Amino acid sequence: MHVDIELPLGRATALQRLRAQGFCVLTPAALETLTGMPLDAFDMMLPYWEELAPDLHLKDGGHYRYRRHGCFMQTLQPGQLETVQHRAHWQPTTYNALHGGMERWFEPLSNEMIHLPSWSALLVALGELFAKLRAPQGGRWYIEAHPFRIDTEGGVGRPTPEGAHRDGVDFVAVVFIGRQGVRGGETRVFDAAGPQGVRFTLEQPWTVLLLDDQQVIHESTPLLPLDPADPAVPAHRDTLVLTYRSGGFQAPA
């Protein structure tokens, strides 16, 4: 596996990296170029991370994860993004041994957030990029959106309690929103067909990790507070995870 991490400007470079190594990292400047939106337009989403609801489905008994969930359909020709009626998030146990096989209902996304111009620009631009690498069945992507906050109130926070995994989709985008008062949270990406892998830490807001879910597996290491002696200090890591799947949403048979 190659170890080229940060991506210079240019859609062509993103496609080359995804084909060659199954992942790439868009810098914030590259995200601006890809979407045609300035970073301050994306900053309008930030207040909605203060409104995430507790994840009540954690099987490890933790209380460290806050999230919401929404689904969309992107029809590439003609270009159209539709909001889908709120539905459960479901994965088979083959992809998520910890939480697979469960219909997990999360609080829906804020209506105000999904109507921001930057929201649709982000989802549409990523979908168009992924389609150039592998066109979806019927020219349509089925997109799930998960804004996450992982905190360390219980001493440790686990961004991926299921461990290194695939998501059972075609492509994944992990948009880094920010971190405060924590250490850890290292991103690890491995070749799905072998032991090769890379590790790095996302640190700059609006950096985006792009993953070909058919080529690689991924995980993030646990978070620990920088100052465990002072629980009053906010300690958390925020991300937005977007998954793109061809042929329909994952659902029980």
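Key figures for this structure:
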quantity	calculated
FRET efficiency for residue 33 and residue 162, using Cβ-Cβ distance with R0 set to 25 Å, rounded to 0.05	0.15
Segment 55-128: projected area of the alpha-carbon convex hull, averaged over directions, in nm²	6.2 nm²
Highest to lowest packing among 17-30, 72-85, scored as the average C-beta count within 10 Å	17-30, 72-85
Debye, to nearest 20: dipole size of segment 187-238, +1 on Lys, Arg Cβ, -1 on Asp, Glu Cβ	100 debye
Percentage relative contact order, the chain, counting C-alpha pairs under 8 Å, at least six apart	25 percent
Estimated [θ] at 222 nm from DSSP helical runs (n ≥ 4, -39500 (n - 2.57)) normalised by residues in the chain, nearest 500	-5000 deg cm²/dmol
Correct option for Rg and Dmax of the Cα atoms in Å [calculated from the coordinates] among (1) 18.3, 62; (2) 17.2, 55; (3) 20.6, 64	(2)
Given charges at beta-carbon only (K, R positive; D, E negative), |dipole| of the chain in Debye	680 debye
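Coordinate-derived values only; no laboratory data. Please read all numbers here as calculations on a predicted model, not as lab measurements. Every residue, glycine among them, receives a Cβ derived from its backbone with ideal geometry; neighbour counts consider all protein chains shown.
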